[in-house]
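The values are calculated or read from the model by the stated rules, or taken from the named source; none is laboratory data. A quick note: this is a predicted structure, and the numbers were derived from the prediction, not measured. Cβ placement follows ideal geometry from the backbone for every residue including glycine, while neighbour counts extend to all protein chains displayed.
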Amino acid sequence: MLLAWRTPMLSDTAWLLSVAGRALDGERIYRDVWEVNPPLSYLIHVPAVVLARATGLSLSFAFTVWLTAWCTGAVALMAALWDRWAGAPASRSTAVAVAAVMLLVVPGPFFGQREHFILATAMPWAVLLAMRQAGDPVPTSLAAAAALSIAVAIAMKPFFIGWWFALPFLARPRRHWPEIWIVPLFGIVYIAYVLGATAYLPFIRALGARYWVFRHRSWLYVGAGNVFAVIALIALVVGFPTLKRPTIGRVLWTCTAAAWLAVVLQGKGSDYHYLPAIALGVCLLLTRGRVGRLTLAPIVALWIVGLGWLIVDGGRDDRRSAMALSRAIGPGSVEVLGIAADAAWLLTSDEGRPWRSPHMSLWWLERSGGVEMPSDTFLRASLLPAEPPDVLLLGDNGVDVAEYLGRSIEWQRVLHAYRPSQTIAGYRVWRREVVQ
């Protein structure tokens with residue numbers, strides 16, 4: 001929480017909040033706004049935008065409140081299940097404390113990523129799996145709530161489907177598990193919504209293959225070459241003996257393995273992708289007694305040092321870059337074309353400036369071979385505001401965005417009214433020429 005307050009908002013979070021806000025304003029996602037993730041990725045951010053607009057809170061603070069509420073609800077559901085678990089290995093207060101640390105401390109620099117939302121859903125689901133494994137009765141309402149939570153997680157990132165398959169794998173056979181149907185039913189409804197009410201399918205048909213190869217790494221590197229992957233694998237190796245008996249350790253080992261496999265299947269291996277696997281792996285190590293604690297000690301020490309440094313530093317360089325960009329632009333209106341991560345958080349800051357949310361992230365397309373200019377997307381220059389903005393910010397991640405847009409005659413006319421001035425914080429500043 002302190003880290004979230006001290007450091008600038010993550011660029012991914014800023015972008016999804018921008019998309020959510022534009023959806024509320026009536027813009028058509030996947031046509032007016034170029035977003036590569038399925039709808040639930042931005043829809044889950046809508047409550048934060050609504051809260052900010054209704055209360056006047058800053059968007060970053062409103063998002064922190066919303067994510068904290070999401071995590072609190074997950075812990076409350078886990079606690080309700082824990083109270084009904086006859087073979088619970090620890091007290092309810094201990095379980096709640098561990099879950100709170102996993103959700104509010106361990107995420108650290110990844111606070112607010114979609115994996116953070118997904119990790120929260122794993123907490124009650126793991127307890128439900130342990131109860132089904134033991135054959136304990138579970139109130140239908142609580143089982144349904146836990147299943148619905150991971151249905152949302154899987155809808156955001158289908159790679160986590162392994163958590164659902166863990167139910168028939170771990171649960172005691174010849175028992176009734178009504179919650180097993182909630183995930184596929186939710187999936188059917190969600191897919192029907194995506195196909196019938198959004199333009200996601202045509203968008204992905206056009207660009208999905210290129211996005212798949214963007215930053216795609218070998219499965220060997222993703223599975224074992226990243227330091228966070230190594231931490232997850234260490235937890236799986238140390239926790240392997242728990243598979244011999246039907247305990248919470250077996251459940252946590254299975255969920256950790258499924259979370260690690262989700263990262264491997266995604267094939268990109270960004271650090272934050274490992275968050276669920278790391279947090280569940282830490283919980284697994286806690287079940288291994290002295291061996292687990294000895295394994296966990298250096299991991300916790302390094303994590304504390306890293307978090308401490310981030311809190312002290314407070315994203316100093318990002319703040320300086322963004323403030324320099326703000327001073328360079330001056331008081332005019334701004335349209336952002338392309339994303340530069342160094343200053344993306346400024347798009348949702350409380351500058352009182354008439355910022356426009358970014359239209360697109362072009363550079364991954366360029367680095368994966370480029371893409372034809374689709375005529376039915378926001379690339380149309382007509383989607384710029386009726387009143388031309390004073391400044392255009394063109395993201396400069398090693399890609400000449402002006403040249404890219406200049407392939408369109410419409411954009412040639414638009415850019416003709418602007419002149420490039422300087423590059424600051426990853427953005428090329430183009431100013432509108434005033435005709436005397």
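Just one of the listed residues (PRO246, PRO241) is at pLDDT below 90 and under 30 Å from ARG132 (Cα atoms), and it is PRO246.
When the stretch 24-39 is filtered for residues that are within 13 Å of THR198 (Cβ to Cβ) and not in a loop (DSSP other than H, G, I, E, B), the ones remaining, listed by number, are ILE29, VAL33.
Total residues in the stretch 40-51 satisfying the condition of being in contact with a helix residue (DSSP H, G or I) (Cβ under 6 Å, 6 or more places away or on another chain) and either more than 13 Å from GLY112 (Cβ to Cβ) or in a helix (DSSP H, G or I) (or both): the figure is 8. Reported count of residues in the stretch 270-286, each being among the small types (Gly, Ala, Ser) and in contact (Cβ under 8 Å) with a residue 60 or more places away in the chain, is 1. Which is more than 20 Å from ALA146 (Cα to Cα) and modelled with pLDDT of 90 or more, of LEU51, LEU103, LEU81, LEU59? Of LEU51, LEU103, LEU81, LEU59, the one residue that is more than 20 Å from ALA146 (Cα to Cα) and modelled with pLDDT of 90 or more is LEU51. Listed by first and then second residue, the pairs with beta-carbon distance under 7 Å, at least 6 apart or on different chains, first residue in the stretch 37-51 and closer than 13 Å to VAL65 by Cα, second in a loop (DSSP other than H, G, I, E, B), are LEU51/LEU57. Look at the stretch 99-116: where a residue is at negative phi and a partner is of a type in the set (S, T, N, Q) and crowded, with 23+ Cβ neighbours inside 10 Å, sitting 6+ places away or on another chain with Cβ atoms under 8 Å, you get GLN113/THR13. Which one is farthest from ILE29 (Cα to Cα), of the residues in the stretch 155-198 that are of a type in the set (Val, Ile, Thr) and assigned to a helix (DSSP H, G or I)? Checked the stretch 155-198; the qualifying residue farthest from ILE29 (Cα to Cα) is ILE180.
Let's see how each residue does on (1) in a loop (DSSP other than H, G, I, E, B); (2) crowded, with 21+ Cβ neighbours inside 10 Å:
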{"residue": "ALA62", "(1), (2)": "no, yes"}
{"residue": "TRP70", "(1), (2)": "no, no"}
{"residue": "GLY73", "(1), (2)": "no, no"}
{"residue": "LEU81", "(1), (2)": "no, yes"}
{"residue": "TRP85", "(1), (2)": "yes, no"}
{"residue": "ALA90", "(1), (2)": "yes, no"}
{"residue": "VAL96", "(1), (2)": "no, no"}
